[in-house]
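The values are calculated or read from the model by the stated rules, or taken from the named source; none is laboratory data. Please read all numbers here as calculations on a predicted model, not as lab measurements. Reconstructed Cβ throughout: ideal geometry from the backbone, glycine too, with neighbour counts over all protein chains shown. These area figures cover heavy atoms from the full protein model, side chains too; ligands, DNA and RNA do not enter into them. Shrake-Rupley method; radii C 1.70, N 1.55, O 1.52, S 1.80 Å.
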Amino acid sequence: MSNYHIKNLEEYFQVYRRSVRNPENFWEEIAEEHFLWRKRWNKVLNWDFTKPEVKWFEGAELNITENCIDRHLVTRGNKTAILFEPNNPDEEAQHITYKELYDRVNKFANVLKAKGIKKGDRVCIYLPMIPELAISLLACARIGAIHSVVFAGFSSNALATRINDSECKMVITSDGSYRGNKTIDLKGIVDEALEDCTTIESVLVVKRIDSEITMKNGRDEWIQPLLDKAPDHCEAEIMKAEDPLFILYTSGSTGKPKGMLHTTAGYMVYTAYTFKNVFQYRENDVYWCTADIGWITGHSYIVYGPLANGATTVMFEGVPSYPDYGRFWEIVEKHKVNQFYTAPTAIRALAKEGLGHVESHDLSSLKILGTVGEPINEEAWHWYDDNIGKRQSPIVDTWWQTETGGIMITPIPFSTPTKPTYATLPFPGIQPALMDAEGNEIKGNQVEGRLCIKFPWPSMARTIWGNHQRYKETYFSTFENKYFTGDGALRDEVGYYRITGRVDDVIIVSGHNLGTAPIEDAINEHPAVAESAIVGFPHDIKGNALYGYVILKDTGESRRHENVRKEINQIITEQVGPIAKLDKIQFTKGLPKTRSGKIMRRILRKIASNDLSNLGDTSTLLNPEVVQGIIDEAL
Ligand code: WT7
C-alpha cells in the first residue's frame, strides 16, 4: 500500500488541505487504490450529525478478511502474519504465515457456521492474547458475525453485562490463561457469568493451560476436535460497506458500558491507511503493539490495520514484568522489532526499574516508537526517547478513542517534528475544533478548550448497540453539529494539540478507561456503605489512581475500617475487575453536592490530589459545610 509520501511538514500540510477541501475525493482515491472490493460504492459519504447518521462507501460490497488475508496469499503466502510470543520465554515463538492464517481462519469460520452462527449474530470472545484470539475475530468477520471482544481481565459480572447487552449467541474462551507466573481460570469466570445470561447457546473452549475444567453438556465443547474435522475453505460472506463488523464496550461516565458499533468498509480503510502512515510500515518490518486485543488498540493496530497492509504483527501473551522487567526489550531484540507501540503507564513502570534491563539488549532495530491511551508526561516521554529510541526513533504520540476506531491526532514520523507531551497534528481527513463553555469554537492558536471533531471520518463508531439515543446524547448533543470527544485539549502557538485529559467522569487508570458509575455501584453493594464517590488522583506509574470517598451506614456496630476497605476492593474486583481497585479509601460523613443532588467531583478531586489552593466556588453547594470536614479527615 503506497502512501502520500509525506516527507516533510510542508507536504503534510498539502495533503491535509486536500483532505479537508475535498474529503470525498481524498478518501475515494485511497479506497480505490488500496483495497479489494466485490462491488464499488455509489456514494463516498452521506452524513448528518444531527441524527446522527454517517455512511461511508454506500453501495460497496466487500469482506474485510479477503483484504486482510486472501489478497496477500500470492505475494506474501509465506510471510509471517502473526508472530506469537508466549508468556513463558522458554516456550517457542510461533510464526503464523499468511497461508497458515488463511487456513486457520477458514476452518474456524466453518466451525462457527456449523454451530449455527450466521451473519449478524453476536459472538462474545473472551480469550487471552493467544493466536486464537486474532483468528476468532477474523473468523467472525469471514462469515459476517459481529464480534464482541471482552478483555480477559474483566470479571464474570462485567462479562455477563456485556453478553446480555448485545445478546450474544456464543462465547469463545479458553480453559485458562497465563499472566506472568499466575494462571487465571477463564472458563470458571465464563461459567459464573453464564448463570446470568440466557442468550448463549454454545461455548467453544481453546485449550491453553491444560487445567481441569467443567464442561456443560450440550453447551460447551473443546474447539480443537471441531477444527480438525472442519472443511478447509469457507467462502467469505459478502458484506455491505455499512454492515456491522464488531461491537466493543467502553466505559461511560454514567450507566452501563456503551457497546460502540463499528462497521466494515470505513473502518477497514481508515485503520489500514493510518497504520501505514503513522508507523511508516515497510515490507519486512516487524511491528509490535503491546496492547491487548480486548481494547480498540488491539483491534485496529494488532489485527485489522497491520493485516490489511500485509504486515508482520507481534502478539505478546505476557506482561512487561515477567520473568523480569527486561521482557519487552528482550522481545524487541529477539524479533528485531522495527515499530514498537505501547502505553505511558508501561513506559513509566519500566523507567522506574532503571536502565540495567534496557542496556543489556540490542534495540538497534527500532525505527519508530508509539504511545497511546492517556497523556504522556514529559519525564516518561524523554525516558522513552533517550533510552529506547536513543533519540533516533521518532515518538508518535497517538490520540484516539474506542469511538474513533483509528488514530486521529498524531505526528507523521520524519515529517512532523515531535514535541514532548503533544500529539501534534490531526491526521489527514480529521478536522478538530476546540470549544468554549458557551459552545463557541475557539479559533486561533495558544488556546485551550473541549476537543470536538467537526467532520466525519471513515472509522467513527456509528452508534451504541441498542441505544442510538444515548449515542446522540453522549457525543452529538453537547456541541451542535460536532462529535464531542470528552477530552480537553490545548493548541499551542504553531497549532500542535496537547490532550490534557478527560473533562467528564471517566478516569483513565493505567491506560484503562473506567467509568465512575459501575465502581460506585459496586462499592455501594457493601452492606456497611451508605454512599460513595470516586475520583482520580495523580499516580507515578498508573497516571491516575482511584480515590474513594465512602460514607458508612450508621449501624451502631463498630466494624473495623481496615476490613471494610479490603471488602470494598474485593467487591470491586468481583463486579468490575482488579483494574478498578481503589488505591485510597477515605471514610467520610458527607459528600459535597449541588442543589440538584449531583456530587461535585471537582472538589473531591482537588482534595484527593492534595491541591487545596483553589477549591473554586463552593457557595452553590447544597451542603458547603461538609467540605472542611472532608479536608480535615484527609489530612
Ligand atoms: C481516551 C480514550 C485509543 C486507544 C486507547 C484508549 C485518552 C488516548 C491518548 C493520547 C492523551 C489519550 C483520551 C481518550 N487518550 N490516547 N495519546 N494522549 N490522551 O482508548 O479506552 O477509548 O480511551 O484515552 O482521554 O478520550 P479508550
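Accessible surface ranking for Arg40, Arg122, 1.4 angstrom probe, highest first: Arg40, Arg122. Accessible area per residue for the stretch 298-402 is 31 Å², calculated with a 1.4 Å probe on protein heavy atoms, without ligands, DNA or RNA. Note on Asp232: accessible area approximately 100 square angstrom, rounded to 10, probe 1.4 Å, nucleic acids and ligands left out. Of Trp222, Trp47, the order by accessible heavy-atom surface (1.4 Å probe, DNA, RNA and ligands excluded), from most exposed downward, is Trp47, Trp222.
Taking a ≥ b ≥ c as the square roots of the eigenvalues of the Cα gyration tensor, the stretch 510-634 is oblate, since a/c reaches 1.5 or more and a/b is not larger than b/c. For the stretch 335-347, 3J(HN,Hα) computed residue by residue from phi via the Karplus equation (6.51, -1.76, 1.60; θ = phi - 60°) reads 9, 6, 5, 9, 10, 10, 10, 9, 10, x, 4, 5, 4 Hz, glycine and proline entered as x. Summed over qualifying helices (DSSP H, 4 residues or more, each -39500 (n - 2.57)) and divided by its residue number, the chain shows a 222 nm mean residue ellipticity of -8500 deg cm²/dmol. Normalised per residue, the accessible area of the stretch 510-634 is 49 Å², obtained with a 1.4 Å probe and no contribution from ligands, DNA or RNA. For the pair Ser253 and Val20, what calculated FRET efficiency results from E = 1/(1 + (r/R0)^6), where r is the Cβ-Cβ distance and R0 = 41 Å, to the nearest 0.05? The pair Val20/Ser253 has a calculated efficiency of 0.85. For the stretch 1-122, just say rounded, prolate or oblate: build the C-alpha gyration tensor, square-root its eigenvalues into a ≥ b ≥ c, call rounded for a/c under 1.5, and beyond that prolate if a/b exceeds b/c, oblate if not. Because a/c hits 1.5 or more and a/b fails to exceed b/c, the stretch 1-122 counts as oblate. For the stretch 510-634, the share of accessible area belonging to carbon and sulfur comes to 47 percent (1.4 Å probe, ligands and nucleic acids excluded). Per atom type, the stretch 201-254 shows carbon and sulfur on 47% of its accessible surface, probed at 1.4 Å. Which shape class applies to the stretch 74-129: rounded if a/c is under 1.5, otherwise prolate when a/b exceeds b/c and oblate if not, where a ≥ b ≥ c are the square roots of the Cα gyration tensor eigenvalues? In terms of gyration-tensor shape, oblate. Per atom type, the stretch 1-147 shows carbon and sulfur on 46% of its accessible surface, probed at 1.4 Å.
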